[in-house]
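Q: Sending over a structure as structure tokens; questions will come in a sec.
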Amino acid sequence: MIKEKLKTADVSGLDQFASPGLIDESDYETVNWEKDRETILRKISMIRRCLPIDSVIDFGGMWEVDGLYSRLCREKFGIPRVTMVDKFESENWIRNPSLRAGVDFRKGDFSDEQFMATIREPYDLALAYDVLPHQIDLRHTLPLMLSKTKRFFLISHAILPEKLMPFRNCLVLLSGSKSRSLIPFHEKWTREINYWANFSDATIINTSHWLWGMTPSFIESLMVGFGWKLIHKEFWRGWLPNSSKWKICGLIFTKTGSVGAGVRFIPSFEPHIIRFTGYTRLLTGKF
Ligand SMILES: C[S@@+](CC[C@H](N)C(=O)[O-])C[C@H]1O[C@@H](n2cnc3c(N)ncnc32)[C@H](O)[C@@H]1O
């Protein structure tokens, strides 16, 4: 297991994430590379770690990146079968057929069982990049995503570092005043978007209005419970503001074939905290 790196990565030598010449950023000009080049390159390098593979499914690959990871899989890694699933289509994606070349795009909701039943053949590798925190019910959606995945499941998104929370396996619904100090981009989001209108109303059941905070141990416990094993992890700050307590994670899981000890999901009496355990023992907590 690679040792957890909690220091800010040195982005001056980004070659460590993508070999020189692999990516010409001008080939992907609709992507805002300046926003967080480090995160994009790390996400790409995680795919590279799993090569060779024959097929990829990119869950939620559209917003702000116009299918970048799917396209890279086709064009740079030569992966023959690439499918991208998203319920949203960007203007760039609609207008520019070259973005769609070689990518089997399925417009739909990957938390919808009927839609997921239309995806028949499983894939060697699945990408879950910046999508899990927005799912209403991970116990429901994650197994649907895993059911389409044969070998590697890659997760990357902002997480609550373990040391910030009072216990392991934390899942926090970032809604309501109690979660204010945990929101990753609190100053920025309250300035630039109406955070409270967009994310703080737990009665809006829509992935664009939903945000969970989770610790890495929570994600690992959940995946182990579904029969997957963590084989690689890395942490970095990316575009997170210096004031943020969050980190961005990159996690690679492989299928073990055996389902782990019963993961239980019990809402605590604290409305914003849900505690997962890898065992049948249940705890609730405060922060
Ligand atoms: C924050 S963006 C992430 C984009 C890209 N994967 C990345 O890493 O930059 C989340 C994307 O996932 C899509 N999405 C989230 N939940 C979804 C769901 N249940 N079904 C289909 N698409 C979903 C959104 O429409 C959006 O395009």
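Q: By average Cβ neighbour count within 10 Å, what is the ranking of 62-72, 31-41 from highest down?
A: The densest-packed peptide leads the list: 62-72, 31-41.
Q: Within 10 Å, count the other beta carbons around each residue, average over each peptide in 79-89, 44-54, and list them highest first.
A: 79-89, 44-54
Q: For a quick check of your reading of the filter: which trypsin sites (Lys or Arg not before Pro) in segment 103-148 sit in a DSSP loop and have no more than 15 other Cβ atoms within 10 Å?
A: Counting only loop positions with at most 15 other Cβ atoms within 10 Å, the trypsin sites (Lys or Arg not before Pro) in segment 103-148 are 120.
Q: Could you give the length gained by full extension between residue 22 and residue 98, i.e. 0.36 nm per residue of separation minus their alpha carbon distance, to one decimal place?
A: Gain on stretching residue 22 to residue 98: 25.5 nm.
Q: OK, next. Assuming R0 = 25 Å, can you tell me the calculated FRET efficiency for the pair residue 243 and residue 34, based on Cβ-Cβ distance, to the nearest 0.05?
A: 0.75
Q: Another one. Could you give the nm distance between label points at residue 167 and residue 49, where each point is 7 Å from its Cα heading toward the beta carbon?
A: Result: 3.0 nm between the two label points.
Q: Modelling each spin label as a point 7 Å along the Cα-to-Cβ direction, I'd like the residue 255/residue 139 distance in nm, to one decimal.
A: If labels sit at residue 255 and residue 139, their model points lie 2.4 nm apart.
Q: Something else now. Return the FRET efficiency for the residue pair residue 147, residue 63: r is the Cβ-Cβ distance, R0 is 22 Å, and the value is rounded to the nearest 0.05.
A: The value I calculate is 0.40.
Q: Using the basic label-point model (7 angstrom from Cα toward the beta carbon), what is the residue 88 to residue 115 distance in nanometres?
A: Reported label-point gap for residue 88 and residue 115 is 1.3 nm.
Q: Let me ask you something else. For residue 106 and residue 81 in the same chain, what is the full-extension length gain: residue separation times 0.36 nm, less their Cα-Cα distance, in nm?
A: 7.7 nm
A short reminder: the numbers here are calculations on the coordinates, not readings from a lab. Source: prediction; values computed, not measured. Every residue, glycine as well, gets a Cβ built from its backbone with ideal geometry; the counts of neighbours run over all protein chains shown.
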